[in-house]
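Written below as structure tokens is the structure these notes are about.
The values are calculated or read from the model by the stated rules, or taken from the named source; none is laboratory data. Note that the structure is predicted; figures quoted are calculated from it, not measured. For neighbour counting, all protein chains shown are included, and Cβ atoms are generated from backbone atoms with ideal geometry for every residue, glycine included.
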Amino acid sequence: MNEHVYVPPIKIQGIKTKLVPLIRECVCLEPGAVWREPFMGSGVVGFNIEPHLAVFSDINPHIINFYNYIKEGRITHCLVRDFLESEGRRLEDGDENFYYIVRDRFNSKHDPLDFLFLNRSCFNGMIRFNRNYEFNVPYGHKPLRFSKAYITKIVNQVAHIECLLEKHDWSFLCQPFEESIGAARESDFIYCDPPYIGRHVDYYDSWNEDTEVKLHSALTDSHAKYMVSTWHHNDYRANEYISRIWPECNVITKEHFYHVGAREKNRRPMVEALLTNYTVTGDNQLWRKCTQSSMDNALIP
Ligand SMILES: C[S@@+](CC[C@H](N)C(=O)[O-])C[C@H]1O[C@@H](n2cnc3c(N)ncnc32)[C@H](O)[C@@H]1O
């Protein structure tokens, strides 16, 4: 399994960095097929799969703008270095006041470089907008936020995107999933990572049973091969929507751990699932094929 994972410059809650090796193993991309990713978020999945033809889309315009600016050469890794060095110095001098100056500036002008700055200095690298579409995440309070090493890391992440865009034919569209999936052809491959139901975090990120049902219908109508990321179970509950909304899908699961607070004993297991409308071949110790009926036994006692 190829474990190397490239991390993109924009971070988002629910980023699938840890699942990339598994997803890479399980996708079914025929030569010449278009990769469609209607919930691109950070883009970490498609950027690592590296299809030659791809349509990345998201309902959040700031994510899409950021990548279109790079594609059009309006943001380059050199510009990013200059910008983060100068704004990083101002942050050091002005501390959190300066963070809020940039946040106000972004909320009135929507400059993608300000978006990057906020994303990389806000609390927990979150993306969250209020009902007026204003970015509202508070300051992350890390001293020397934009150190030389941190800026170089971000600059390299942007330079990597520039290389990928030179090699491949990729577009970035701001649109709801219905539009993106509605434009798919049977030969396309659609990877979906919608927000998890009930974990609403921001105005661009609401999700409920209705939208999950609409996603299922749109994918079925497309006749394309698809893969959907979702959660399978944790200590307390199993994801009942898998058997209710996706009964015909194959289910692949992988356990990962997350921390509640800093203590090692508070390490909790969460099982992630990939739902596919095709059979994934091969076998691997890192994942498990489930049957839909095994959902009933999913809860760990
Ligand atoms: C869980 S995140 C995707 C994370 C991504 N796979 C990653 O690894 O970074 C879900 C994304 O779906 C987008 N989104 C939410 N509702 C949407 C909709 N109705 N249509 C298109 N995108 C939507 C959000 O803006 C967010 O970027």
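Which one of R105, R89, R131, R120 is closer than 22 Å to N60 by Cβ, exposed (fewer than 14 other Cβ atoms within 10 Å of the Cβ) and not assigned by TED's automatic domain parsing to the domain that holds H216?
Values: R105 fails: exposed (fewer than 14 other Cβ atoms within 10 Å of the Cβ); R89 fails: closer than 22 Å to N60 by Cβ; R120 fails: exposed (fewer than 14 other Cβ atoms within 10 Å of the Cβ).
Result: R131 is the single residue among R105, R89, R131, R120 that is closer than 22 Å to N60 by Cβ, exposed (fewer than 14 other Cβ atoms within 10 Å of the Cβ) and not assigned by TED's automatic domain parsing to the domain that holds H216.
Quick check on G41: is it assigned to a helix (DSSP H, G or I), in contact (Cβ under 8 Å) with a residue 60 or more places away in the chain and either of a type in the set (V, I, T) or assigned by TED's automatic domain parsing to the domain that holds T276 (or both)? Quick ask: steps written out before the conclusion?
On the way: assigned to a helix (DSSP H, G or I): no; in contact (Cβ under 8 Å) with a residue 60 or more places away in the chain: yes; either of a type in the set (V, I, T) or assigned by TED's automatic domain parsing to the domain that holds T276 (or both): yes.
For G41, the condition - assigned to a helix (DSSP H, G or I), in contact (Cβ under 8 Å) with a residue 60 or more places away in the chain and either of a type in the set (V, I, T) or assigned by TED's automatic domain parsing to the domain that holds T276 (or both) - is not met.
When the residues of region 30-50 are narrowed to those that are crowded, with 19+ Cβ neighbours inside 10 Å and more than 8 Å from the ligand (Cβ to nearest atom), which ends up modelled with the lowest pLDDT?
A33
If I filter region 190-200 for residues that are part of a helix (DSSP H, G or I), touching a residue at least 12 places away in the same chain (Cβ under 8 Å), outside the structural domain of D114 (by TED's automatic domain parsing) and in contact with a Ser or Thr (Cβ under 8 Å, 6 or more places away or on another chain), do I get at least one hit? Break it down stepwise before answering.
In the first step, residues of region 190-200 are kept if they are part of a helix (DSSP H, G or I); the result is none.
No: region 190-200 contains no residue that is part of a helix (DSSP H, G or I), touching a residue at least 12 places away in the same chain (Cβ under 8 Å), outside the structural domain of D114 (by TED's automatic domain parsing) and in contact with a Ser or Thr (Cβ under 8 Å, 6 or more places away or on another chain).
Would you confirm whether or not region 204-216 contains a residue that is within 14 Å of the ligand (Cβ to nearest atom), modelled with pLDDT under 95 and buried (at least 19 other Cβ atoms within 10 Å of the Cβ)?
Among the residues of region 204-216, at least one is within 14 Å of the ligand (Cβ to nearest atom), modelled with pLDDT under 95 and buried (at least 19 other Cβ atoms within 10 Å of the Cβ), which makes the answer yes.
Test G140 against the stated conditions and say whether it is more than 19 Å from Y6 (Cβ to Cβ) and under 23 Å from the mean Cα position of the chain (by Cα).
On the way: more than 19 Å from Y6 (Cβ to Cβ): yes; under 23 Å from the mean Cα position of the chain (by Cα): yes.
Yes, satisfied.
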